[in-house]
Structures are given as structure tokens and as C-alpha cells.
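The values are calculated or read from the model by the stated rules, or taken from the named source; none is laboratory data. Worth saying up front: this structure is predicted, and the values here are computed from it rather than measured. Reconstructed Cβ throughout: ideal geometry from the backbone, glycine too, with neighbour counts over all protein chains shown. All accessible areas refer to the heavy atoms of the entire protein, side chains included, with ligands and DNA or RNA removed. Shrake-Rupley method; radii C 1.70, N 1.55, O 1.52, S 1.80 Å.
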Amino acid sequence: MSTCGTEPSSNEARAEVDADLLRGWDHAHLWHPFTPLADWYATDPLIIASGDGIYLYDIEGNRYLDAVSSLWCNVHGHRHPTIDAAIRDQLDRVAHSTLLGASHAPSIALARRLVELAPPGLTRVFFSDDGATAVEVALKMAFQYWRQKANPEPQRTRFLALSGAYHGDTIGDVSLGGVARFHALFEPLLFATLRAPAPHCYRCPLGLARPDCRTACLDEVERLLAAHRGEVAAVVVEPLVQGAAGMIVHPDGYLKGLRTLCDRYDTLLIADEVAVGFGRTGTMFACEQEQVTPDFLCLAKGITGGYLPLAATLTTERVHAEFVGDAAAGRTFCHGHTYGGNPLGAAAALASLRVFDEEKTLQSLPVKCARLAARLEEFRGLPHVGDVRSRGLIGAVELVEDVVLKRPFPTSMQFGAKICAAARKRGVLMRSLGDVLVFMPPMSIPGNALDELIDAVLASLYECSSEQTGATTN
Ligand SMILES: *Cc1c(COP(=O)(O)O)cnc(C)c1O
């Protein structure tokens, strides 16, 4: 590595020179996603050098518990020997070849395995490379399906999504999106989406409470489907947990209710399991928990165990059949991504699924999920804790300025970010969603490390709340 002509006298000195260079180049050239840049440039960037199991190490050798699973995707820990070996083995064959007009064993085998694991009826697999593309593919397939099915219904051009929805950052996905902070600016570029209220029980948009509400939010979906009868191409949902909206845990029966409504109004259901798929909610796929088969199942993030970019959109024979025709028939799905079904990614995904079997990952989850849920209860009643919620190995603590009124802190306070910074000093790497603290460690996390995580965040919350109280009384 070039050190600009300086010749460090020892390895230690070289590491230091390189660290400063890297920090400088980061600030000079690297534009980070979803990152307030002035804040970023005002602090030294954390530069990760390596990982091992649930831990990451920075270039100074400091250790961090990876409590965000490297953005909700790591499953079995970093540098898992089985996945590492599978990628190396594939690398000895070929790193990439296309699925446009050719095939390869890793994608074939992975398609087969996904169909075996997915809810029954999902038998066709289209590969792409990210969660955003997995959903975009489902949108375009659904749209095209209505145009070329027998008895076409070309007036079905609209999509129904939930408030707070997050389905990725391409323009199609942003059109579905319901997070104002991310999506409002792009409004002039977007197609109009029908918007139903999210089943967010802590802040019920209908002002009701469980269980007396009888999931009245589903009636709102029905009202929209009835008002736009024959116009809706698909209903799009993040099953069980709405991630980016703040880990909103849906009430039992909501997903099943959506499926029933889609059937009643003869429209399609797109399940975006990009965040919740691959064990995250306690079962391989979230849809299983309500015995729902969606018309499209979108998978990414955890599909490769969190190793490589790969995504899949699964659909049914019913949908697929309408796309079968020769070149002249004009039924082709004219969509694809250069690296869709990349063999290294597919090999990693197959290995990750093997690890699920070998390490009995799903069987190990109930105990961990119960421990996470139980320990999260320790947050309830603490100053500024508005809500505590969890589903599977997803935990969330929503912090508010006024617990009684559920009034959020002003954004300028950056309270959630402050707690994450305090947790980092305690060796825990986490990223909040605004003032919602998110607990999403790799599923390989042992129980004692779950305790380590909760203890560090509790201590960080105490530290920041007392500073907070000090600040307001001054
Ligand atoms: C992260 C996410 C996406 C987008 O996935 P990318 O791989 O970041 O494009 C889509 N849907 C949901 C529910 C997500 O959490």
C-alpha cells in the first residue's frame, strides 16, 4: 500500500499512517448512503477491518458487537467457515456468468431450494441483486400480468401500500414508500400509490386499541379496494414487521386479513420479506406464521447469509403462465440485471441454507427470541421509553420526549443517534431508526452476548437520559 513516500519504521506506525490516510480519503471521496454528510465529516469515520462471528473489528483493533447484522442481513455471523468455503469453491469455477440466455448450477440449485422452503405454490424464481430490485421486479411482473392474461385487465395499474412502507430506493419502490423523510422530496417523479394506514398499535392511526379494535385498519384496506375495484394491480406489504418505519410489529391476523381481502377483490399480494425473510421473525419466512402464500415473495438481505448482493422474486404458476410465449408473442418479461443470480452469491446462499440445517438455526431461535423479548422488558418504564416491541429476533425500543403524550423528541435532538454513539463506546455497533433503537443481531448470537448487548444499551440509555434531564433542568 502506498504511504505517500513516508517509510514507517514499524508495522504499528504503518497502520497508523494508513488509518489517517483512509480517514482523509473517506472524507474526501466516499459518499455514504443515508448519512447526514456534515455530521459525518465532523467526526472520525469508523473503519471496519475484519469480522468474526457476531463481532466486527475496526482498523485499530477495537471490537464491536454487530447489533445491526451489517444492515439487517447477516445471519450466521461473519466469516462462517461453511459459507467462506462455498464462495472460494465457486471462485475456483467461475465468478460470474449471465442468466440471459444461459444458466448455471448455483442458480438452478438455489431456485429449487427456495421453492422447497417457500410457502406452497411459489414455484418460479427470478433472480436480481438487491431488495430494491426484488420488489421492482414484482411490481413490473404484476403490472404486466394483468395486461397479458386471458381476459386482460389493463386498467389494473395501481398499487396499494401502507403508510410508513419501505420497499427500497429505486423510483418504483419509492413510489410505494410511505416514509416522508425519505420519500416526500421525490414526489414529482413518482406514480400515485393508494395508501392504507399501517397497523401501528402504539400509535393507532384510527385511535383504537387492541383487541377491541378488531383490526379495523383492515377495513380501511377494504374500503380502498372497493373504491378502486378493478384498478389495483397488487397490494404490497412487509409481512409481520415494517422495518424502516421503526420496526412496527403488526397485530396477529393482519397479514392473513390482507390475503383474504386480495382474494375477495381478485388482486395480487406482494410480500416484501427482504428484511424479515430467512428466520428473522422466528420462522424461515414471515408469511408462514399466518399460513399465507403471497403471489410474489421478495427476498434479499439475509439470502446469502449477509455475504453478497443477491435477491429473488418468487411467484406462482398462475402468474408465470401468462409470460410464456415465443419471441413474436410479446409476452417476454423485458427486465434483468447484469449480476442477477450471480454464481458467487448463489453459492453463498446455498451454503447459508445448509448452515440453517447443520446448525439447526431455526430450532435455536425460540429460546433466543424469548430472551430478547424478556430482557427488552427491562426498558419499559425507564425515562423516555414510549414503547417496547419485538418479533422473533427483531427488537425495538421507541424513545419519546413525553411518555404520556407519546410526543417524539425534536429531530434536532438526535436522541437515538446519541444512544448509538454511547453504545459504540461500550463495544456495540447499532443504528437507530430515528429515535427507535433497533436490536437486530445475527441469529447466531449466543444468549450471553444478547445479555451483553442489552446491558450495553441499557447503560447507554441511562447515560444519555441523565444528560438529557440535566440539560432540560439547566
Ligand atoms: C432493505 C429493504 C429493502 C431494500 O433492499 P436493498 O437491498 O437495500 O435494496 C426493501 N424492502 C425492505 C422491507 C427492506 O428492509
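Points to keep in mind about this one:
- Checked against (1) open to solvent by less than 20 Å² (accessible area, probe 1.4 Å); (2) within 16 Å of Phe34 (Cα to Cα), Asp435 passes all but a single condition, namely (1).
- Failed item, numbered, when Gln289 is tested on (1) open to solvent by 10 Å² or more (accessible area, probe 1.4 Å); (2) away from the ligand (no atom under 11 Å from the Cβ); (3) under 22 Å from Val438 (Cβ atoms); (4) assigned to a loop (DSSP other than H, G, I, E, B): (4)
- When Gly253 is tested against the conditions (1) away from the ligand (no atom under 16 Å from the Cβ); (2) open to solvent by less than 10 Å² (accessible area, probe 1.4 Å); (3) among the small types (Gly, Ala, Ser), the lone failure is (2).
- Residues that are buried (at least 24 other Cβ atoms within 10 Å of the Cβ) and touching a Lys or Arg at 6+ places or on another chain (Cβ under 9 Å) within the stretch 115-148 comprise Gly131, Ala142, Tyr145, listed in sequence order.
- Any hit, the stretch 221-239, residues being within 16 Å of the ligand (Cβ to nearest atom), in a loop (DSSP other than H, G, I, E, B) and surrounded by fewer than 24 Cβ atoms within 10 Å (Cβ to Cβ): no
- Listed here are the helices (runs of 4 or more DSSP H) enclosed by the stretch 96-194 that have at least 1 residues being farther than 28 Å from Gln291 by Cα, within 13 Å of the ligand (Cβ to nearest atom) and modelled with pLDDT of 95 or more: 171-176.
- Of residues in the stretch 173-189 being in contact with a helix residue (DSSP H, G or I) (Cβ under 9 Å, 6 or more places away or on another chain) and surrounded by fewer than 16 Cβ atoms within 10 Å (Cβ to Cβ), the one farthest from Thr133 (Cα to Cα): Arg181
- Of all residues in the stretch 374-388, none satisfies being within 15 Å of Asp130 (Cα to Cα) and open to solvent by less than 40 Å² (accessible area, probe 1.4 Å).
- Count of the stretch 412-465 residues, restricted to those that are part of a helix (DSSP H, G or I), more than 23 Å from Gly51 (Cβ to Cβ) and polar (S, T, N, Q), is 2.
- Residue within the stretch 292-301 that is of a type in the set (Phe, Trp, Tyr), in contact with a helix residue (DSSP H, G or I) (Cβ under 9 Å, 6 or more places away or on another chain), open to solvent by 10 Å² or more (accessible area, probe 1.4 Å) and touching a residue at least 60 places away in the same chain (Cβ under 8 Å) present: no
- Yes/no for Ala49 being over 29 Å from Met247 (Cβ atoms) and touching a Phe, Trp or Tyr at 6+ places or on another chain (Cβ under 8 Å): yes
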